[in-house]
1. Between ARG13 and TRP146, what is the label-to-label distance in nm when each label sits 7 Å out along the Cα-to-Cβ direction?
2. Could you run the Karplus curve 6.51 cos²θ - 1.76 cosθ + 1.60 with θ = phi - 60° over region 103-115 and give me ³J(HN,Hα) per residue in whole Hz, x for Gly and Pro?
3. First obtain the Kirkwood hydrodynamic radius of region 97-168 from its Cα pairs, then insert it into the Stokes-Einstein equation at 20 °C and 1.002 mPa s, and state the resulting D in µm² per second as a whole number.
4. Could you rank LYS119, LYS24 by how accessible they are, 1.4 Å probe, largest area first?
5. Cross-link candidates for LYS195: which lysines have Cα within less than 24 Å, leaving aside residues fewer than 8 places away along the same chain?
6. Considering only protein heavy atoms, what is the solvent-accessible area of VAL129 at a probe of 1.4 Å, reported in Å² to the nearest 10?
7. So between ASP62 and HIS34, what do we pick up on full extension, going 0.36 nm a residue minus the alpha carbon distance?
8. Please give the solvent-accessible surface of THR144 in Å², to the nearest 10, using a probe radius of 1.4 Å with every protein chain present.
Amino acid sequence: MGKLNGDTLVLNRSWMAVQICSVKRAISLLYQGHARVVDTEDFRTYNFEDWSEVSQQLVQVDENDFICSPTLSIRIPRVIVLMLYDRLPKRHVRFSRKNIFERDKWQCQYCGIKPSNKKDALSWMKSNVLNLDHVVPRARGGKTTWENVVASCYKCNSKKGSKTLKELGWKLKKEPNKPRWHPTLNIPLKVVPHKEWVSFLDLAYWNTELENDNDNIG
Ligand SMILES: [Zn+2]
């Protein structure tokens, strides 16, 4: 059932694209009442039963758009909208260089310096003007975790070395912790966006988020 591994765009209750899940997951969320299918032509939403019923009427349209099994014949939901905020599917927030920068708003957590726009931010990242730093240095037992790694400018980074904040008399701009939510919708490059998603995605986004997100943290 390759179709079940296809991709469905997930919107939150404010109709913002927040995630991509498998078609299988989407149908399961739909079935459990945690999400509704969005008809991408007229933006009406359907629960599982209504969607199944509508699907029956369309079943002859295009076979590729349907999941058919002995017990189920349903049009593939390409976009779903979540019904309950606290029922968001759990997901792993990737502990990556870029996500830490996003969390820290691209600002050095020691001196507060930050790029003036996203374009500068990316070039700061590439040229290591903005870097990552272990708050409690690794040499002093500091771990590589959301709680102990922050964005730091090159200057602060080298000044800090393996000293602690206390020794330097420095303060963090903000207490670092694990983001509760992915800072931005991260579409893996292998995912080909469906035409039905276009209304929900900012096209500019597609042109700016092609950064490799898997850099190892030093
Ligand atoms: Zn700094």
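1. Distance between label points: 2.1 nm.
2. The phi angles translate into 4, 8, 6, 6, 10, 4, 7, 9, 9, x, 5, 8, x Hz.
3. The Stokes-Einstein estimate is 176 µm²/s.
4. Output order, biggest surface exposure first: LYS119, LYS24.
5. By straight Cα distance, LYS195 reaches LYS3, LYS24.
6. 60 Å²
7. Working: separation 28, 0.36 × 28 = 10.08 nm, distance 2.69 nm.
So the extension gain works out to 7.4 nm.
8. 60 Å²
The values are calculated or read from the model by the stated rules, or taken from the named source; none is laboratory data. Keep in mind the model is a prediction, meaning the values are calculated, not measured. Heads up, the Cβs are rebuilt from the backbone with ideal geometry, glycines too, and the neighbour counts pull from every protein chain shown. Surface areas here come from the heavy atoms of the whole protein model, side chains and all, with no ligands, DNA or RNA. Shrake-Rupley method; radii C 1.70, N 1.55, O 1.52, S 1.80 Å.
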